[in-house]
Amino acid sequence: MLKIIQHKIFLLAFGMVISNSVHAQQNLKLTYSKPAENWNEALPIGNGRLGAMVFGGTSQEHLQLNEETIWAGEPGNNVPKNTFDSIRKIRKLLNESKFEDAQKLSNTTYPRTAPKDLNYGMPYQTMGDLFLDFKGHENFKNYTRTLDIEKALSTVSYEVNGVIFKREIFSSLADNVIIIKLSSSKKGGLNFSINASTPHLKKSIFTEKNQLVITGTSGSVDNKTGKINFKTVAVPVLKGGNLTSTQDQLNISGADEVVIYVSIATNFKKYNDISGNPDARVSEYLQSALNKKYEVELKAHIQKYQQYFKRVSLDLGTTEQAKKTTDVRIKEFATSKDPDLIALYFQFGRYLLISSSQQGTQPANLQGIWNYQLNPAWDSKYTVNINTEMNYWPAENTNLSEMHEPLFDMIQDLSVTGQESAKEMYHARGWNMHHNTDLWRITGIVDGGFYGMWPMGGAWLTQHLWNHYLYTGDKEFLKKYYPALKGSALFYLDVLQQDPSKKYLVVSPSMSPENTYMKSVGITAGTTMDNQLVFDLFNNFINASKVLNEDKNLSDEVKIALNKLPPMQIGQHAQLQEWLNDMDRTDDKHRHISHLYGLFPSGQISPFRNTDLTEAAKNSMTYRGDKSTGWSMGWKVNWWARLLDGNRAFKLISDQLTPAPIDNKGESGGTYPNLLDAHPPFQIDGNFGCTSGIAEMLLQSYDGYLYILPALPDVLPNGNIKGLKARGGFEIDIEWKNSQLTKLTIKSTLGGNCRIRIAKNIHLKSKTQLKNSTGENPNEYYLVNAIKTPLVSEKAELKGFTVPETWMFDFDTEKGGIYSFETK
């Protein structure tokens, strides 16, 4: 029997609930017994703006360096001219069922390779590499290399001829430089040189006043000239010993301790402004850092990092596996019990988001901020037909709302640049973008008329604006970004077309991202994902206009269009249809399952509200299979969690936590020794997707209530998580034992009705004002948008979807209140 103990605690300052302590985890370190042999074994550090991959070599330490604004090219959009007539012809061909002709025209209008007067986006580029060379350190013992994600600190320690050498390396969140501290157990034991390299064509490497300087200019691609000018300065500060320099190298001898400060800056100010002064910026960052003691800087960095990281803890228990190095644990995960690796993997995703997306920085791109190439895979851009959005799935529910802000800033930029593509390509109001963008906020077609003919990027990105509001209740935020939401709604209001049956309004032309329904043909009208995206966008705009008391007439107009969108459909194979017509194949194993957007991250498909759609979504998942690219498996973890199948969700995590292939090719997913996700090659989205999925297994709040432990797998019978966020500003602590809820604490930052769904076999008993739930949740942040009744094929054989037995109860909360439920 569960006894309820309800405590109301009110904080005087700002009425906010603050967590004073977080349950300590057993293991928050990635550990290794040898230096990294390649980039996929190196360890990532970052402060949102500056990133480094730390290799930890003994005879040579190697830091591959990134600064977030070093991209090829220059300001300017990539919107093609005079293509509206082609768009109209493609629409006509689609209406006449001439699908191959429509695809050919799209491919001709938007060639696979960018025309001479256009570009398909610029690549994110590395700055280069910093090397520390140690003579005589080839023979070493007692080696350890770690990344402490509780402190955002990388360390190296080893012994040579009885002398212990140590390094501490971090990208300072407080001082905006990368700091490397080297020490030796022997007085005067540090003897090494510092040099650098960069692959950029326009470059210069030299020493000046005992500082190592690297300058350069980013690359030119397609019709754009590289105009990002960057400067990097490395400054060693010695305790004892001597510092000398040659033309392009610093030499240190007989030092007791050395702290190296690395500052990087560019001329980038905004997507349309590159008038910044990298010299002045580098000097400003350096002077600030050089005026402080190392111990003060390290403490300030850890403090700033932990104000985000320590909001959430996850303890799933530990075994002997946790004593092994991380690379070994990944290799053995499939055949061993290592619940602590799941917890580490979850927290590593949060670490990566904090390290690659800070307030005032660029959003995390396809590789976060870590990239060693001038021409990385897919340019390491922002791919917005899934990958960019997945990067930010953990932002709200794992209590990192501030890390979401760079994405909001980019959406604001795109709502300006996207007006050009909306007007020029579609003769529409508002703004739009297609499936890719970059530092310069391009919004035109990328990669031609097959992959690029997807005008839905804005519809998906703006979901993040409304979602942030639902979690935070921040009306000032909603007011600030309302014009971007409105502009996106205006675009679709103008471009929706009548389908041939005259029943529905659909987006035409478009595609179900990167998939085909005929050989080499993907272009179509009214895909299920498009319908779901526009459904959410229109509802978000209608609800936002009501909250802000804005645009009532436009809201009414949007409601009319909303009611004309197609319903979801269940096809002949009892699957959720991907297209408007029933063309799905049961042997289709494509990595994108875009029509399940309605299951997650949206909440249009609910096991408790529409079991037929839930069963159809499950069938679609089953047909596609589990093994795929890393990001695809990350998405599948979330889907299976929403399908309330914790064991299948855990299987997907297990599939992802298998060693990634060395050759960096294919679609087999997996995880590299440094815990980074493999497409392959490396893409960071899979890390974020899995972190989000683990949170979804433990808490869901999309369907009008807080569902506690909705998809707990059998292999994780005991554990606790503290600090997860739910919509409506609730912060949740959960403990469970023998797969049963044992303790629940809810902190309310906004007040209002709290509705809880838990397993039926847990009986609550309390003198507090608890009541069985009836009707819809009156809490405004838990409004559920009603969907149309799905259409079901006569050929579909639905067998029924069984939902677990649960019960729901409501109770009132006050802002600042804490409500605890405990077992006897």
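The values are calculated or read from the model by the stated rules, or taken from the named source; none is laboratory data. This is a predicted model, so every value here is computed, not measured. In this analysis, Cβ positions are derived from the backbone assuming ideal geometry, glycine residues included, and neighbour counts consider all displayed protein chains. These accessible areas exclude ligands, DNA and RNA; they are computed on the full protein's heavy atoms, side chains included. Shrake-Rupley method; radii C 1.70, N 1.55, O 1.52, S 1.80 Å.
Quick notes on this one:
- At R0 = 30 Å, FRET efficiency that the Cβ-Cβ distance of Leu554 and Asn223 yields, to 0.05: 0.20
- Residues whose placed amide H lies under 5 Å from that of Phe682, excluding near-sequence neighbours: none
- Packing, taken as the mean count of other beta carbons within 10 Å per residue, orders the peptides 197-204, 383-390 from highest to lowest as 383-390, 197-204.
- Phi-based couplings in Hz for region 215-223 (Karplus 6.51, -1.76, 1.60; Gly and Pro marked x): 10, x, 10, 5, x, 9, 9, 6, 8
- For region 378-385, 3J(HN,Hα) per residue [Karplus equation, 6.51 cos²θ - 1.76 cosθ + 1.60, θ = phi - 60°, Hz, x = Gly/Pro]: 6, 6, 6, 7, 10, 8, 9, 8
- Where the Cα pairs of region 134-242 fall when distances are cut into 5 Å bins, in %: 2, 9, 15, 16, 17, 16, 12, 7, 4, 2, 1, 0
- Peptides 798-805, 681-688, 346-353, ordered by how many other C-beta atoms sit within 10 Å of their residues on average, highest first, read 681-688, 346-353, 798-805.
- Net length gained if the chain between Glu402 and Glu805 were fully extended (0.36 nm per residue, minus Cα distance): 141.4 nm
- Backbone HN-Hα couplings from phi across region 625-637 [Karplus 6.51/-1.76/1.60, Hz, Gly and Pro as x]: x, 9, 5, 6, 5, x, 5, 5, 5, x, 5, 5, 4
- Mean Cβ count within 10 Å, highest first, over the residues of peptides 76-84, 617-625: 617-625, 76-84
- Two-site FRET efficiency, Thr319 against Tyr143, from Cβ-Cβ distance with R₀ of 25 Å, rounded to 0.05: 0.55
- Where only C-alpha atoms are counted, convex hull volume of the chain per residue in Å³: 158 Å³
- Which listed pairs, of Lys423/Lys589; Lys151/Lys202; Lys81/Lys627; Lys310/Lys743; Lys89/Lys227, have C-alpha distances above 30 Å, in listed order: Lys423/Lys589; Lys151/Lys202; Lys81/Lys627; Lys89/Lys227
- Net charge of neighbours whose Cβ lies under 14 Å from the Cβ of Thr318, counting Lys and Arg as +1 and Asp and Glu as -1: +1
- Seen from Lys81, the other residues with C-beta closer than 9 Å to its C-beta sum to a net charge of -2, counting Lys and Arg as +1 and Asp and Glu as -1.
- Estimated [θ] at 222 nm from DSSP helical runs (n ≥ 4, -39500 (n - 2.57)) normalised by residues in the chain, nearest 500: -9000 deg cm²/dmol
- Close amide H partners of Gly226, meaning residues 5 or more places away or on another chain with modelled amide H under 5 Å apart, are Gly73, Ser220, Val221.
- Residue pairs exceeding 23 angstrom between C-alpha atoms, taken from Lys737/Lys771; Lys92/Lys552; Lys98/Lys519; Lys503/Lys552: Lys737/Lys771; Lys92/Lys552; Lys503/Lys552.
- Residue-level accessible surface for Ile787, protein heavy atoms, 1.4 Å, Å²: 50 Å²
- Counting charges near Asn563 (Lys, Arg +1; Asp, Glu -1) among other residues having Cβ under 14 Å from its Cβ returns a value of +2.
- Taking amide H as placed 1.01 Å from N in the peptide plane, the amide H of Tyr110 sits under 5 Å from that of Gly449, each at least 5 places away or on another chain.
- Set of aspartates and glutamates with alpha-carbon distance to Lys239 below 12 Å, sequence-local pairs under 8 removed: Asp256, Glu257
- Difference of contour (0.36 nm per residue) and Cα-Cα distance, Leu798 to Asp85: 252.3 nm
- Those lysines that a straight Cα-Cα span of less than 16 Å connects to Lys324, excepting residues fewer than 8 apart in one chain: Lys29, Lys34, Lys337
- Here the label points at Val296 and Glu96, each 7 Å from Cα along the C-beta direction, are separated by 7.6 nm in the simple model.
- Per-residue SASA entry for His763, accessible area with 1.4 Å probe, Å² rounded to 10: 110 Å²
- Modelled label reach - Gln306, point 7 Å along Cα→Cβ, region 134-175 residues with backbone N closer than 20 Å: 146-156, 168-175
- Note on surface exposure: Trp807, Trp466 rank Trp807, Trp466 by accessible area, highest first, 1.4 Å probe.
- Here r is the Cβ-Cβ distance between Arg112 and Leu770 and R0 is 51 Å; the resulting FRET efficiency, rounded to 0.05, is 0.25.
- In terms of distances greater than 29 angstrom between alpha carbons, the cross-link table entries Lys725/Lys799; Lys618/Lys747; Lys480/Lys725 yield Lys725/Lys799; Lys618/Lys747.
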